[in-house]
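I have placed the structure first, in the form of structure tokens, so that the comments after it can refer back to it.
The values are calculated or read from the model by the stated rules, or taken from the named source; none is laboratory data. In this text the structure is predicted, and so the values were computed from the model without any measurement. Counting neighbours? That spans all protein chains shown, and the Cβs are built from the backbone with ideal geometry, glycine included. Quick note on the areas: whole protein, heavy atoms, side chains included, nothing else; ligands and nucleic acids left out. Shrake-Rupley method; radii C 1.70, N 1.55, O 1.52, S 1.80 Å.
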Amino acid sequence: MSTTASPFSRPLYLMAKPVGSACNLACRYCYYLEKGERCPSTTQAGRMPSMSDQLLERFIREYIEAQTTDTVLFTWHGGEPLMQPLSFYRKALRLQRQYARGRHVDNCIQTNGTLITEEWCSFFKQHGFLVGISIDGPQAMHDSFRLTRGGSPSFSRVMRGIALLEKHGVDWNALATVNSVNVHHPVEFYRFFKDIGCRFLQFTPIVERTATDGASLLAGTEQGGKVLPFSVEPEAWGRFLCAVFDEWVKHDVGQMFVQLFDTTLAAWAGVPGSLCTMSDHCGAAGVIEANGDVYACDHFVFPEYLLGNLHQHSITELMYSDRQRQFGRMKREQQPQQCRECDFLFACNGECPRNRFINDRYGQPHLNYLCKGYAQFFHHVAPYMDFMLGELRAGRPPAGVMNWQAPH
């Protein structure tokens, strides 16, 4: 087993897209739909791409070998990964066992939930899959954007999938996008997830933009452009975060786990959190497409960020390449002066580079579009984070914050 130290502060991840951008839904805000047009790796001449048996084996073998820890996490994503037949994942598990060499292997899969069946649930339960469900809140919020290719709502099918997961005792969590609709209903949004039995919640803001002529999505850190109407506005994002936090901190600390809040507390404690967007660097989490193309990041699946193909290069060569190292350093090196002066830089590190496309107050580029919202959030939660950190250092659970009122 390799003991070579990783150049990244966290384990290397390579998210697998075994069907590329193929999906049975056509969510109006989906940043990935256009990739089938701009990146040939995500589509195959009008038919669904599919990872070959040869590539699957090479990916699994090299991915396990590239790890520097005794636990290996495979993440299956899309598009909609359940469009691959169950036999594909049975094959993947056989290969994982073949190449594990004593390492513990975990699997998680991110799905829109509409294709879940009893058979899928039995498989997930038997093999300990963690299932991430994409759902945007109550029906009216969810169905505002998450529609089928025929334009029909998808909420009832997602809820049926969740019910099947619950029936079979499958561990699941929720991934919600926050958009121009649900951002204005934070408490209703949050309580919905509590009501359906969700204990682990991740939400991510929708910020998509095109070139000023509206021709195509802008790639990576290109500056300017036109923010699309379904995106969140910075001030609305800040109000949303504060309202959800207030609901959580009064009632659910230690019972409901919200990834952004956990990551923020980790930052207060000076330790890395689980949310890559808040890391001080990028580059440890790439993505592999169905044809073997490897990109720097899931949010940078554009030709400009193609590292190479697994048929010609190893995972180690691609993910530890000079090009990927440069991509990882970009986040810190491009921070504008306003970020460097901010009291909360330690907590957000400028957030995701894909959202850093406006000028700061000094006229410097690469300020995060959502900066005002995050600043509002961090100012709001600071007293609570200070208290919870004190509890942790005293050996007490941070849930004690629910019996404490922040000074006004």
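Hey, got a sec? Which GluC sites (Glu not before Pro) in region 178-240 land in a DSSP loop and have at most 15 other Cβ atoms within 10 Å?
Details: sites: Glu188, Glu208, Glu222, Glu235; in loops: Glu208, Glu222.
Those satisfying the criteria are Glu222.
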Task: List Tyr320, Tyr374, ordered by accessible area with a 1.4 Å probe, largest first - done: Tyr320, Tyr374
Open item on the list: Along each principal axis of its Cα atoms, how long is the chain end to end? Whole angstroms, biggest number first, please.
Closed with: 61, 49, 48
- [ ] Grab the alpha carbons of region 283-385, take their convex hull, and tell me the volume per residue in Å³.
- [x] 116
TODO: Please list, in chain and number order, the residues 5+ apart from Thr204 or on another chain whose amide H is under 5 Å from its amide H, with Hs placed from the backbone.
DONE: Ala176, Thr177, Val178
- [ ] Within the set of other residues whose C-beta is less than 10 Å from the C-beta of Phe189, count the net charge using Lys and Arg as +1 and Asp and Glu as -1.
- [x] -2
TODO: Would you work out which of Leu25, Ser231, Leu115 lies farthest towards the positive end of the dipole of the chain? Charges go on Cβ: Lys and Arg +1, Asp and Glu -1.
DONE: Leu115
TODO: Can you give me the span-like helices of the chain, meaning DSSP H runs with 15 Å or more of Cα extent along the axis and Kyte-Doolittle mean at or above -0.5?
DONE: 53-66, 155-168, 234-251, 371-393
- [ ] Quick one: go through region 249-292 and flag any residue whose amide nitrogen is under 13 Å from the point 7 Å out along the Cα-to-Cβ line of Leu389.
- [x] 264-272
TODO: Please tell me which of these pairs span more than 26 angstrom C-alpha to C-alpha: Lys226/Lys331; Lys167/Lys250; Lys91/Lys194; Lys194/Lys226?
DONE: Lys167/Lys250; Lys91/Lys194; Lys194/Lys226
TODO: Would you mind computing, in nm to one decimal, how far apart the modelled labels at Gln98 and Gln54 are, each placed 7 Å from Cα along Cα→Cβ?
DONE: 1.5
Task: For Asn107, distant residues with modelled amide H under 5 Å away - done: Phe74, Leu130
Open item on the list: Only four residue types carry charge here, +1 at the Cβ of Lys and Arg and -1 at the Cβ of Asp and Glu. Report the dipole size of region 318-408 about the Cα centre in Debye, rounded to the nearest 20.
Closed with: 320
Open item on the list: Please give the charge dipole size of region 57-125, origin at the Cα centre, charges +1 on K and R Cβ atoms and -1 on D and E Cβ atoms. Round to the nearest 20 debye.
Closed with: 280
TODO: Mind grabbing the accessible area of Met51 for me, 1.4 Å probe, Å², rounded to tens?
DONE: 10
Open item on the list: Could you compute how much accessible surface Cys30 exposes when probed at 1.4 Å, giving the result in Å² to the nearest 10?
Closed with: 50
Task: Helix-only mean residue ellipticity at 222 nm for the chain, each DSSP H run of n ≥ 4 adding -39500 (n - 2.57), per residue, nearest 500 - done: -10500 deg cm²/dmol
Open item on the list: Could you report the accessible area of Ile162 in Å², rounded to 10, computed with a 1.4 Å probe on the protein chains as they sit in the structure?
Closed with: 10
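Under the rule that an exposed site lies in a DSSP loop and has at most 13 other Cβ atoms within 10 Å, name the longest stretch of the chain with no trypsin sites (Lys or Arg not before Pro) of that kind, not counting the sites themselves. Intermediate values should be presented prior to the final figure.
Details: sites that count: Arg101, Arg149, Arg361.
For trypsin sites (Lys or Arg not before Pro) (loop position, at most 13 other Cβ atoms within 10 Å), the longest site-free span of the chain is 150-360.
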Open item on the list: Can you list residues from other chains, or at least 5 along the same chain, whose modelled amide H is less than 5 Å from the amide H of Gly308?
Closed with: Val294
Task: In Å, descending, principal axis extents of the Cα set of region 71-163 - done: 48, 22, 22
